[in-house]
Amino acid sequence: MKLFNQALLARQAWRLVAHPDSLCARLLKAKYFPNGEMIDTVFPTDSSPSWKGIEFGLELLKKGIIWRVGNGDKIQIWRDNWIPKDSLLKIMGRRTGCRLRWVSQLMRRDVRDWDMDLVRKIFHDHDVEEVLKIRIPSRPTEDSLAWHFAKSGLFSVRSAYKLALRDFIQQQGVASSSSSMDGGRRVWKLLWSTPVPQKIKFFAWKLATEGLATMQNRMRRNLESDSTCRLCGTGEEDSYHAVVACTKSRALHDELRKDWELISEDMLVRSGPEWFLLLLDKLDTEARAQVLFCFWRSWHLRNDAVHGKGLASVEASASFVKNYWSSLLCIRHSADQNEKGKSQVVSTWQ
Ligand SMILES: [Zn+2]
């Protein structure tokens, strides 16, 4: 949960940035960054524990905070985030010999537009394209800070957490090792946009990144000496075995198929270490949501049998999932009818 913590701490840091006049922000400013902005500060190593927490949050905040260009007086061309795109919100490189420092120096104030010749002269083509996409306000406006990963520009823990996860996954190289998908990015987007409760998405993410406490993973960490499945004894318990191949999981899939058009067992092939992501990539939204529900419950059912009281029956688990599913459909349906759209459904499912 380190990443979620980071998102929470980023919220604290955001409050300080968004409300620089609050008492807390002023006290911290006096102590740690008397001559500048918090967002630019390099912190002393002997800072207090609570401040260290904010620093950790600030690390994440810095990846998603962006200057909205007004008059360009506050924004440093080469240092600040001001280029709205998917990641790395900065200028990527500079042609040699440019001494300009402020974004305002790139504008023609008389016509409130970019100085095209100058922009083309100092930036590389990909940056030129991005800069020229930014619209300069027609009236004099101050530059302002916003959170890039929400349309409103306001920070949310949820979007920060997503950003932290995305970065973490990219660092792990999981996404980039995916050969058949465009860098794997699309499929992560699919996963996080599937209309299932957040806890199920989180489970799916763990499944995809080998983060479940399977026997195989426990053996890797020297917590077990044998990785054979304790339930069926027919093979090593890796994540595929746990949610697909194990007899108990298969029984749950079959039980669900009595009412659901769950994808057939033939489609659940172990196509490689990324079998799960490759599978998600093939499915439409509804099938994907059902598969996530199914795997999530399979994992719990087996855990209950191995580590718990073993009271959960396959039938009861299946009807639990089906009821859960129908109630979510109901919520989605009524939200659609209210025409308030997605946001309400999402918040109900958190
Ligand atoms: Zn098994």
- request: Show the residues, 5+ positions off or on another chain, whose built amide H is closer than 5 Å to the amide H of Trp114.
  value: Arg108
Theoretical FRET efficiency, 1/(1+(r/R0)^6), r = Cβ-Cβ of Ser152 and Trp51, R0 35 Å, to 0.05: 0.80
statement: Between Ile65 and residues 5 or more places away or on another chain, the pairs with built amide H atoms under 5 Å apart involve His148
- prompt: Can you tell which of Tyr240, Tyr161, Tyr324 shows the greatest fluctuation in a Gaussian network model of the chain with Cα springs below 10 Å?
  reply: Tyr324
Residue order, fewest to most beta carbons within 10 Å, for Leu106, Leu223, Leu3: Leu223, Leu3, Leu106
message: On the Cα set of segment 175-349, report Rg and Dmax in Å, please.
response: 16.7, 55
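Using the number of other C-beta atoms within 10 angstrom as an exposure proxy, rank Met92, Met107, Met1 with the fewest first.
Listing Met92, Met107, Met1 from fewest to most nearby Cβ atoms yields Met1, Met92, Met107.
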task: Choose one answer from Arg101, Arg166, Arg288: the residue with the largest mean-square fluctuation in a GNM of the chain with alpha-carbon springs under 10 Å.
output: Arg101
field: Partners for Lys322 among aspartates and glutamates (Cα-Cα distance below 14 Å; same-chain residues under 8 apart left out)
entry: Asp254, Glu255, Asp259, Glu261, Glu286
Estimated vicinal HN-Hα couplings, Hz - segment 283-292 in sequence order (Karplus 6.51, -1.76, 1.60; Gly, Pro = x): 9, 7, 4, 5, 4, 5, 4, 5, 5, 4
- prompt: Measuring from label point to label point, each 7 Å out along Cα→Cβ, what is the Gln76 to Leu88 span in nm?
  reply: 1.9
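Quote to one decimal, in nm, the extra length available between Ser319 and Glu261 on full extension: 0.36 nm per residue of separation minus the C-alpha distance between them.
Working it through step by step, the gained length comes to 19.4 nm.
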task: Using the Karplus curve 6.51 cos²θ - 1.76 cosθ + 1.60 with θ = phi - 60°, work out ³J(HN,Hα) for each residue of segment 250-265 in order, rounded to whole Hz, and write x for Gly and Pro.
output: 4, 4, 5, 4, 4, 5, 5, 5, 4, 10, 9, 8, 5, 4, 6, 4
query: Just Leu279, Leu61, Leu27 to compare: in a GNM of the chain, with alpha carbon springs under 10 Å, which one fluctuates most?
result: Leu27
query: How much length is gained on full extension from Arg221 to Glu286, taking 0.36 nm per residue of separation minus their Cα-Cα distance?
result: 19.8 nm
Label-to-label distance, nm, for residues given as Arg109 and Ser327 (7 Å Cα→Cβ offset): 6.1
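With runs of 4+ DSSP H residues as the only contributors, calculate the mean residue ellipticity of the chain at 222 nm using -39,500 (n - 2.57) per run, divided by the residue total and rounded to the nearest 500.
Computed mean residue ellipticity for the chain: -15500 deg cm²/dmol.
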message: Please compare each pair in Lys162/Lys206; Lys189/Lys248; Lys151/Lys199; Lys151/Lys201; Lys63/Lys162; Lys2/Lys162 to a cut-off of 19 Å on the Cα-Cα distance and tell me which ones are over it.
response: Lys189/Lys248; Lys151/Lys199; Lys151/Lys201
query: What's the FRET efficiency of Asp167 with Thr228 using the Cβ-Cβ distance as r and R₀ = 45 Å, to the nearest 0.05?
result: 0.80
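Counting other beta carbons within 10 Å of each Cβ, put Leu278, Leu100 in order, fewest first.
Leu100, Leu278
Bear in mind that the values in this text are calculations on the coordinates, not laboratory data. All values derive from a computational prediction rather than experimental measurement. Every residue, glycine among them, receives a Cβ derived from its backbone with ideal geometry; neighbour counts consider all protein chains shown.
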